[in-house]
Every structure is written in C-alpha cells, then in structure tokens.
Amino acid sequence: MDLRELAARERIKSDRLEAAVADLAAVGEHGPDRLVDILRSYLPTGDFEMVRRAWRFAAAAHHGQRRKGGGPYFVHPIAVAELVLRLRLDEASVCAGLLHDVVEDCDVTLAEIRERFSDDIAHIVDGVTKLDKIPFARSEEKQAENFRKMLVAMSKDIRVLLIKLCDRLHNMSTLEAMSAPKQKRIAAETMEIYAPLANRLGIGWMKTELEDLCFRYLEPDDYTALKHAVGERKVEREAYIASVVDLLRSELAAADLSDAAVSGRPKHLHGIWRKMQRAGVPYERIHDAQAFRVLTDNTEQCYRALGVVHSRFTPIPGRFKDYIALPKANNYQSLHTTVLGPDNKPIEVQIRTHDMHRIAENGVAAHWRYKERGAAVRPRDEARFTWLKQLLELSKEAPDSDEFLENMRVDLFADEVYTFTPAGDVKVFPRGATPVDFAYAVHTRVGETAVGAKVNGHIVSLDSALRNGDIVDIMTRSDSRPNKGWLSFVRTSRAKTKIRNFVRAAERAQAQELGADRLEKALRRHKISLTRAERHDKLAATLSQFRCQTWEELLIGIGYGKIDARGVVEHLYPETKPAEKPKEADTVAPKRSRKRSEDDAAIVIDGIEDILVRFARCCSPVPGDDVVGFVTRGRGITVHQRHCPRALDSDPMRRLDIAWNRDRGGQARVTVRVHTGNGPGMLEKMSSRFREAGVNIRSVQAKMHGPLSAVSTFEVEVASREQLDRVILDLKRLDFVHKVDRIGG
Ligand code: MN
C-alpha cells in the first residue's frame, strides 16, 4: 500500500505525511520498520501495525517543526522510542515515546490519541506531558519538593517515568544546540534529579550516560582535559584490558568455569573524575580506571570465580563488597573486588550472574514480562514491590517524609494495600485491612499474641485501617491471647478463621474443664471417681444417649450446660437414680423457668430444665422467627435469629435446637422504627395502630429530620411474628408513613 492510501485510511493529511517522510529520509530516517524490527526481537507477538501508525501520525503532526540544532523535530521522538526499545518496554510505551510531544507541541488532543490508539497510550502520553509542566526552580528546597511531586505524579504508571528518562537522555545528548546558560541549567537539573532517579530505578547504563553528559556541561574544563588524557592512552589501555581479559579467561577455564563471560572496559568519565576528586589525585594516579566483569550462570559460580580471582591476584584489603548477599537498595547484586593485576596495577573486578547483570543494566524495566501472546503485562508483583520500596527509600531522605508518604498513598494500586514489615518484606492486603490482619499474615503466633501496633513509628489501635506504604511493627506479649472482638474488624479470611478457631478452642477448653468439674462433683456423691466413670464399659451407650462422639464432647456439653451432669450419672449408674416420687417428678421446666423470667416460657428446649433464657439484643427475635439457642456458660441460653451474624460466629458446639412454645403466650420486646413525613397527630395515629393490634408500647421516641421528615422509634411487646408483621403492615398503610423497619430483624 502506498503512502497516500495509508494516509487516507488513517485519516492523516497525505501531502503532510509525504512531505514529512521525504524530510526524514533526507536525514536518514526511513520509516518505522527499523523500530518494529527491534520490538519484534523481544516481543514477537507485538502489535507492530500500531507502532507504524503511531510513527506516521506523529511524523505528520510534527511536520514543519525543527530542532534547535536543525533537522526535522520528529527525529527526537524517534530517538526516544529507540531508548524505550533499549529498555525493552511494551509496544504501548514505544508508541507513547513516538507520541510524547504531540499534545504539547502539535495541538493534538488526548481524546484523539485515545480514539486513534488506546486508553493506555493516551494515559502514558498524558503522564509524560504533565511531568514536562512541573517547573524546576533553582533553590535546593524547591528542587527536592518538585522531585517528590514528580514521583507522585508518575507513580501510577512507571512507564511514564521511564519514557521521561529516555526523553531527558536524548535531550541531554543534543544539548550543544542550546545556549550556554540553558545547557548548565538543564545539566544541573539532570544531575540532581534524573541521574539519581535512573540509579534508584537500577538502570545502570542510563545513569552512567546521563552522568557523563552532565559532566561535560557542568565541568567543561575538567571534562575536556580528562577526555583528552583518557584518549591519549587509548592504545596502551586497550592492550592492557585485552591482556587482563585473556588472563582471567584462562584462569577461570582452568577452574572449570570456561562458560563465564569476561569483559573489560574503561570506567565512565564521570566515575573516574569523582575518584580523582575524592582522592585528590590526577588521572595518571588513578589506576583502577577500568572495570572487568565476569558473568556466570549461577550464584555458586560467582563465588567460585571470586576464589579464582583472589588466588591468582592479591586482593586489596577493604575493597571486597558482597552485594549478592546484601543487595543495594535498587536491587543491584554483584561481587566487587579490587586486586593487584598485571604490572601491579589495581584492577576492579565485578562478578555476577547473567540475570543479575540484566537487572543491573535495566533495573525496574528488567522486570517487565510479556504474556504468551499479545501485549506486555505490568511488571510482576516483585517489581512493583521493588519500585515501591525504592520510593520509600527516597522518601527517607526527604525531610518532611510524612507529607510525602501522604501523597504517595493516592490510590497507588486500587484495591490493594501494600505494607511493609520493619525488615522491608512486603505484605499485600485487601483495602481496609488492619494491624491484626498484618500480624496473622506474619505468623499465626504473632497474631495470637498481638497487643498493639506501631505504624510508621506511631502507636495505632489494632482496628485502624492500613494504608499504602505503611511500615507495620506488631507488638506482642507472650501471655496475650486473641480477642473475640477482633472478628468485627479483620478483613482477611486467614485472620478471621484463625481468631474464630482460637476463640472456640479456648471456650471449649474452659467448658471441658468446667464439665469435668461438674461431673466429678455429681459422681462424688455416689463415691465414684471421674476416671472410673470414663472407663465404664457402657460409656458408649451413654455418649450416644447424649448425642456425643467422645468423652471430651460430653464434658464440653456439661460445661456449656447443654447436658445435665446428674442425668449422665444416672444413665451410667441407673442404681443412683432416686426412688420415684411422682408429684415432684411432675415439676417440669416451663413452670420453674417462668418464675425466673417471663421470656423463657416462650421457648421449648428439648431435655433441658431449669435454665435461664435470654433474647439476644443484636437481633431481638420474636415468637415465630426462625431461631437458634446458644448456651452461654453461667448465663443460660441466648436466643438469636438464625441468620444473625453473631450467632454465625459462635461455636457450633454450643448450639441448641430450640422451638417457640406455641402453647404458652409470652411477650417479646422488639424495636420498630417508622420513617414519616411531618405533621400534627401522626404519633397518635401510629400509636392507635399498635393498640388496635393488641401490641403494648413500652416507649416511644420521635425525632425531626428536617422540616419534612421525622423518625419515630417504638419499643413494643409482641406475642408473635405474625402479630408484628401485621402491625407493620398496618403502619405502612398510613399515608404519611414512608418506611417501617424492624431493628435487628
Ligand atoms: Mn521530548
């Protein structure tokens, strides 16, 4: 397809595109295929057509604009895209590199980018454009502040920052066209902000290239002199490097490490210069101006290679560093050593695996992974963690790091909260998670003995919500135990399950102890020991009579009050049963119970007598509701509605099947809330509805909610669910009533 057809299909002005392509060809740029080929080399399933379209669109958009140093402006976005490719980012990043200046310089809208390309690309271009607008003031204070602002601005997508770094690197490499003051200003800004940032992100090559470019403009005299001095000894140095490389290779091969890749190169100029400054010596006296690198397949080989180097050459004391065991903050890993090389010249040797090298060169970008087919995926989790860790590392250097962290928390990752242990390990939680969730995520034991928490050094309550970037330190005390109340705020199912299990186990243990105690007392009256009872050969029959599987279960049942200890004794030892006294035996539960409380007459409980019944306040069941009973040691039975969350949290072992006693009338208290309009006589009308239904009102509270609405809260006594439902229906029929709620129902 020729250019005209492409332009027509892609809605680009064809004469503009043709002119732009001709202009670019004149400076050696022959279209997008060169970029596509590089992309294909590491992302074979990429969307190459999108890259081509972005190239054409941006070429036409920038047509007519020229760089300061002459030549078509679009050469710059192409160079940025090339650097993006060097970082091996995804195709959206390559397109964004090509398009990064069109919004600012060509009056193209983000909406148009979104429509022509994708949301993702528009979002990255938007981020890069916004970063450009952050003004860097001269004063150091302002620099640091803007630095942080920039970090925050780009923190939502790291690709924005990576493209910005590529943009800056290319601008630095074409800085000679600028005026001298501008060169100095841009170089200083780059040295203070972008080079350290590249370093923080672990992108080694970008850091050294930026530093050397800055050096040239910031210290032009030193730069020229050093470049000259280094150049003068070029032949000599190259011969020396080659001889050392050969020597290292043969030594390693002799030690069975022939696969190791050995290379040597001069250190970058700014690095040498810094060494000279630090030591206060001229270039001639800097001997380890070249670095040698050994790349191996695995860590074990790294240490073996180190052994080879140290046994062949004399190591210089104090110059060995093990960044494999203790990686740098930016995740850099390598062994560094300086030894006396041939001619007794000190040489630095860096030893690392190929994987470590990849990360040393491309840092956070090295974590980019690609799906089997199609687009790149976001950096893997550990890369995100690293990224966040690095930001935190940076924030420690900022004086007002609290404010920085505050900004950082702006929805970094939508539904997740990323937090850290004091040792820097990452723990990810659903939003709203608390220090208790954190404690259980560290270890069950930590959760079970947690007494408090420090977040970012401040003591917080255990139910406070964790936020992104929080460093959480759990305080424990070995004799402390989980609290049942934690169940109401923990978010992770791990914590919930562990707490529930612990609480139940503790309750059961107590109940078992108490049950053993009660049974022992009941047996003692007949001079039988507990151990003897446990060994009774008819125990199995007794257990099944009381619906228990084990002896422990039986004790627990007794402890909870579900099972009567005397009944167990009588079943095991029928001879202990007192002689029948018909009249006394007739004394059945409901009569006795009624004396204790008017509530319990309403409930029938299978096989239980003389026990106190209470209605749970959380769900106020009324006769007719579907209910369950829970035995509470020492406090009788609590009746909940079956769906009540509190009932669901309780130990199933404590559950009792109960039923409403249809024969006996009883009254249950329930709260009814009525939302109404506002007007005279409403309370009277509502009250009469209750009266007509035969429902007793115990109290009423009315509150105005603005001029047009009111809420009345009635505490009433009802005999049944049907009665309650009926009166609620009656209330709803009143024309001023908007809504009727049963509280807890
Ligand atoms: Mn640019």
Sole exception among (1) surrounded by 18 or more Cβ atoms within 10 Å (Cβ to Cβ); (2) touching a strand residue (DSSP E or B) at 6+ places or on another chain (Cβ under 8 Å) for Arg689, by number: (2)
The stretch 54-73: number of residues that are closer than 12 Å to His100 by Cα and touching a strand residue (DSSP E or B) at 6+ places or on another chain (Cβ under 8 Å): 1
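Only one of Leu162, Leu201, Leu175 is within 15 Å of the ligand (Cβ to nearest atom), under 21 Å from Ala81 (Cα atoms) and at pLDDT below 90. Can you tell me which?
Within the list Leu162, Leu201, Leu175, the selection yields Leu162.
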Search result, residues across the stretch 540-553 that are farther than 16 Å from Asp651 by Cβ and outside any loop (DSSP other than H, G, I, E, B): Ala540, Ala541, Thr542, Leu543, Ser544, Gln545, Trp551
Subset of the stretch 94-135 that is polar (S, T, N, Q) and more than 16 Å from the ligand (Cβ to nearest atom) - its residue that is farthest from Ala20 (Cα to Cα): Ser118
Output for the stretch 272-326, where each listed residue is part of a loop (DSSP other than H, G, I, E, B), touching a residue at least 12 places away in the same chain (Cβ under 8 Å) and closer than 21 Å to Ala260 by Cα: Asp297, Asn298, Phe313, Phe320, Tyr323, Ile324
Residues of the stretch 713-723 satisfying the condition of being hydrophobic (A, V, I, L, M, F, W, C) and either closer than 21 Å to Gly681 by Cβ or at pLDDT 90 or above (or both): Phe714, Val716
Pairs with Cβ under 9 Å, 6+ apart, first in the stretch 54-72 and on the phi > 0 side of the Ramachandran plot, second in a loop (DSSP other than H, G, I, E, B): Gly64/Tyr73; Gly71/Val27
Odd one out for Gly694 among (1) touching a His at 6+ places or on another chain (Cβ under 8 Å); (2) in a loop (DSSP other than H, G, I, E, B): (1)
Every residue from the stretch 153-173 that is farther than 18 Å from Ala96 by Cβ and either buried (at least 19 other Cβ atoms within 10 Å of the Cβ) or in the same structural domain as His268 (by TED's automatic domain parsing) (or both): Met172
Test result for Ala8, modelled with pLDDT under 95 and in contact with a Ser or Thr (Cβ under 7 Å, 6 or more places away or on another chain): yes
Single residue of Ala565, Ala516 found to be of a type in the set (A, V, I, L, M) and either in the same structural domain as Arg655 (by TED's automatic domain parsing) or over 22 Å from Thr638 (Cβ atoms) (or both): Ala516
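Considering only residues that are more than 14 Å from the ligand (Cβ to nearest atom) and not in a helix (DSSP H, G or I), look in the stretch 52-65 and name the one that is nearest to Ile38 (Cα to Cα).
Step by step, filter the stretch 52-65, then rank; the result is His63.
Could you tell me which of the residues Ala25, Ala20 is part of a helix (DSSP H, G or I), surrounded by 20 or more Cβ atoms within 10 Å (Cβ to Cβ) and away from the ligand (no atom under 15 Å from the Cβ)?
Ala20
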Condition check for Ala187: more than 16 Å from the ligand (Cβ to nearest atom), over 25 Å from Ser334 (Cβ atoms) and buried (at least 19 other Cβ atoms within 10 Å of the Cβ): yes
Residues located in the stretch 76-117, provided they are crowded, with 18+ Cβ neighbours inside 10 Å and in a loop (DSSP other than H, G, I, E, B): Leu87, Arg88, Leu89, Asp90, His100, Asp101, Val108, Phe117
Residue list for the stretch 456-512, restricted to those being loosely packed, with under 15 Cβ neighbours inside 10 Å, under 27 Å from Tyr560 (Cβ atoms) and not polar (S, T, N, Q): Asp479, Arg481, Gly485, Ala505, Ala506, Ala509
So Tyr42, is it within 16 Å of the ligand (Cβ to nearest atom), surrounded by fewer than 23 Cβ atoms within 10 Å (Cβ to Cβ) and of a type outside the set (Val, Ile, Thr): no
Residue match in the stretch 74-93 (condition: modelled with pLDDT of 90 or more, within 16 Å of the ligand (Cβ to nearest atom), among the aromatic types (Phe, Trp, Tyr) and out of contact with any Cys (no Cβ under 6 Å at 6 or more places or on another chain)): yes
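The values are calculated or read from the model by the stated rules, or taken from the named source; none is laboratory data. Predicted, not measured: the structure shown is a model, and the values here were computed from it. For neighbour counting, all protein chains shown are included, and Cβ atoms are generated from backbone atoms with ideal geometry for every residue, glycine included.
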